[in-house]
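Report on one structure; see the data block that follows.
The values are calculated or read from the model by the stated rules, or taken from the named source; none is laboratory data. As the structure is a prediction and not an experimental result, all values here were calculated from the model. Cβ sites come from the backbone with ideal geometry, for glycine too, and all protein chains shown count toward neighbours.
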Amino acid sequence: MPDEEVLEQNTDEEPIEPSVQYCTFKFENELYGIEISYIQEIINIQKIFKAPAAPEYILGVINLRGNIVPVIDIKPILKKPSWKADVNSNIILINSGNMIVGIVVDQIGDVVFLTRSDIESVEIRRGEEMARYLIGISKLPDKVLALLDPKKIIDDTKLG
């Protein structure tokens, strides 16, 4: 029988906590994130065609390779001034299960890996409508990252 090397398993170590990827983006100087599993793709800003009689938060629609995709501005629900296009603007295409919705953002950031223990819950206080769209916050080395719930945003815009 050849010499067999027996590897001992170190049982003192804690199991590795799985991480989830979040795509970060900016609204003004604040950092937000959405779990990557909800994102179909990120595209450069393009011509948005106004939809007649649409609510204020619906900027219009885009033609994405022959598919009509509604585009929304979520800044007002985050208590930010309405979105204004600039050279850094992008559209994040969110797959809400039954449809694709575009969300305009000021600037795309990085992808971050977060574990459950990296995310702190958000207490909803009376009068803080924005908090209902947050799943939590995470403290990064140089900023605080607010994690958004794309399903709730789309459900509340009555698009999903």
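Looking at (1) free of Cβ contacts under 8 Å to residues at least 40 places away in the same chain; (2) closer than 30 Å to Glu17 by Cα; (3) within 17 Å of the chain's Cα centre (by Cα), which is the one condition that is false for Glu123?
All conditions pass for Glu123, except number (3).
Do you know which of the residues in segment 1-39 that are in contact with a helix residue (DSSP H, G or I) (Cβ under 6 Å, 6 or more places away or on another chain) and modelled with pLDDT of 90 or more is surrounded by the fewest Cβ atoms within 10 Å (Cβ to Cβ)?
Gln21
When the residues of segment 58-75 are filtered to those that are touching a residue at least 40 places away in the same chain (Cβ under 8 Å), farther than 18 Å from Gly136 by Cα and under 17 Å from the mean Cα position of the chain (by Cα), which remaining residue is surrounded by the fewest Cβ atoms within 10 Å (Cβ to Cβ)? Steps first, please.
Applying the first criterion (touching a residue at least 40 places away in the same chain (Cβ under 8 Å)) to segment 58-75 yields 58-59, 62, 70, 72, 74-75.
From what's left, farther than 18 Å from Gly136 by Cα: 58-59, 62, 70, 72.
The next check asks that each one be under 17 Å from the mean Cα position of the chain (by Cα); those that pass are 70, 72.
Working: Pro70: 19, Ile72: 24.
Checked segment 58-75; the qualifying residue surrounded by the fewest Cβ atoms within 10 Å (Cβ to Cβ) is Pro70.
Would you check which residues across segment 124-137 are modelled with pLDDT of 75 or more and outside any strand (DSSP E or B) and list them? Walk me through how you get there before you give the answer.
Just the residues of segment 124-137 that are modelled with pLDDT of 75 or more, to begin with: 132-137.
Once the filter is applied, which keeps residues that are modelled with pLDDT of 75 or more and outside any strand (DSSP E or B), segment 124-137 yields Arg132, Tyr133.
Given the criterion farther than 20 Å from Ala51 by Cα, small (Gly, Ala, Ser) and at pLDDT 90 or above, identify the matching residue among Ser117, Ser89, Ser121.
On the way: Ser117 fails: at pLDDT 90 or above; Ser121 fails: at pLDDT 90 or above.
Of the residues listed, the single one that is farther than 20 Å from Ala51 by Cα, small (Gly, Ala, Ser) and at pLDDT 90 or above is Ser89.
Mind checking whether some residue in segment 145-159 is surrounded by fewer than 16 Cβ atoms within 10 Å (Cβ to Cβ), modelled with pLDDT of 90 or more and either within 18 Å of the chain's Cα centre (by Cα) or part of a strand (DSSP E or B) (or both)?
No.
Assuming Gly97 fulfils every condition listed in (1) part of a loop (DSSP other than H, G, I, E, B); (2) modelled with pLDDT under 90; (3) at negative phi; (4) not hydrophobic (A, V, I, L, M, F, W, C) apart from one, which condition is it?
(3)
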